[in-house]
Amino acid sequence: MNLTNINTVRDILERHGFSFSKGLGQNFIINPDICPKIAEMGNAQAGYGVLEIGTGIGVLTAELAKRADKVCAVEIDTRLLPILEETLSDFDNIKIFNEDVMKCDLRKLISEEFQGLHTAVCANLPYYITSPVIMLLLESRLPIDSITVMVQKEAAQRLCAKVGTRDSGAITVGVNYYGTVKSLFNVSRGSFMPAPNVDSAVIRIDLHSEHRLSEEDEKFFFKVVKSGFSQRRKTAANAVSSLMGIPKEKVYSALKEVGLPETARIESLDMDQLIAFALELKGMC
Ligand code: SAM
């Protein structure tokens, strides 16, 4: 079944009485060039189990299943299940989990479903949970090799920004702490049904197998990073002190100990400075 043929897609959706949910970020890919590219650049290959987040009508799912040993896809919208039964009926290596990805036990899913396989994540992410999903995948320290996702262009720019620059955010620190991130290609809004108001881009994060910090230090580190960026116009000391409830004097001392001024802003600190500051502060708390 050609899931990038507009008439075929319209016919399936109509027969199943399906209407798009804006709230669930449902913009399905109809440009035939995109899904094979995501699959090929996203590690969908022999020896891999691929976790997909959000199937839509299965256009990317099918391309992943053609290449990888197994595909497990988490899809929240129950209305899509009968559609997927029809569109993916040719495959015997796809398993759909009708769940909210934010509540799904992904560690269990990976260990039970992808035994003996490497794991990669590939998705055209629902835009309303782009950062939370990426942070969840990273912070859970899941045994994943790579995360290849389509996101809105602005989100891609933030993800691929350099830590320590104005374009960076907490998510930039996250992806650069856990791995290396690369922008792969841009996708125009006309490639989707319905067309969104913005263009998109596909990025890939290759995850490090080792972590610089212990799990406990890492948790504290990301509390500091998230506090700093959630009030990024303030100085790092003001933001961290007010959101983490740490006396300002202590935060000033931590900054001083690692050679940073009291007026430092979180967005101007590079990865080494952020880590040094957080560890120093943790030692004082
Ligand atoms: N992969 C399909 C494609 O590219 O055409 C669909 C992508 S669409 C941008 C996002 C999909 O994620 C939708 O099918 C939507 O129902 C699903 N979704 C939205 N929120 C979700 C959540 N919290 N957990 C799992 N799936 C979700």
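Just so it is clear, none of the values below were taken in a lab; they were calculated from the coordinates. If you're wondering where the values come from, they're calculated on a predicted model, not measured in any experiment. Reconstructed Cβ throughout: ideal geometry from the backbone, glycine too, with neighbour counts over all protein chains shown.
Nearest 0.05, what FRET efficiency do residue 91 and residue 268 give at R0 = 51 Å with Cβ-Cβ as r? Computed FRET efficiency for residue 91 and residue 268: 0.55. Quotient of the Cα radius of gyration of the chain and 2.2 N^0.38 Å, N being its number of residues: 1.10.
When only Cα pairs below 8 angstrom with a gap of at least 6 residues are kept, the chain shows a relative contact order of 15 percent. Please state the Cα pair-distance histogram of segment 199-245 with 10 angstrom bins from zero: what percent is in each bin? Spelled out per bin, shortest first, that is 24, 31, 31, 15. I'd like the distance separating the alpha-carbon centroids of segment 204-255 and segment 39-79, in whole Å. Their Cα centres are 35 Å away from one another. Straight-line cross-link partners of residue 66 among the lysines, defined as a Cα under 25 Å from its Cα and at least 8 positions apart when in the same chain: 37, 95, 108, 182. Overall form of segment 217-285: rounded. Here a/c, set by the Cα gyration tensor axes a ≥ b ≥ c, is under 1.5. Here the extension length gained between residue 223 and residue 285 equals 21.0 nm, from 0.36 nm per residue of separation less the Cα-Cα distance. For the pair residue 13 and residue 79 in one chain, pulling the backbone fully straight at 0.36 nm per residue adds 22.7 nm over the alpha carbon distance.
Per-residue Karplus couplings for segment 259-265, computed as 6.51 cos²θ - 1.76 cosθ + 1.60 with θ equal to phi - 60°, are listed in order as x, 10, x, 4, 8, 4, 9 Hz, Gly and Pro entered as x.
Taking label positions 7 Å along the Cα-Cβ direction at both residue 216 and residue 182, the computed distance is 3.7 nm, reported to one decimal.
Among the listed pairs 226/248; 226/256; 153/256; 70/162, those whose Cα-Cα separation exceeds 27 Å are 153/256; 70/162. Here segment 63-198 has an Rg and Dmax of 16.0, 48 Å, counting Cα atoms alone.
Projected label points at residue 157 and residue 243, each 7 Å from Cα along the beta carbon direction, are separated by 2.2 nanometres.
Mind ordering 147-154, 195-202 by average Cβ neighbours within 10 Å, highest first?
Highest-to-lowest ranking by the protection proxy: 147-154, 195-202.
So for segment 42-145, averaging the separation of alpha carbon pairs under 8 Å that are six or more residues apart and normalising by length, what relative contact order in percent results?
For segment 42-145, the relative contact order is 34 percent.
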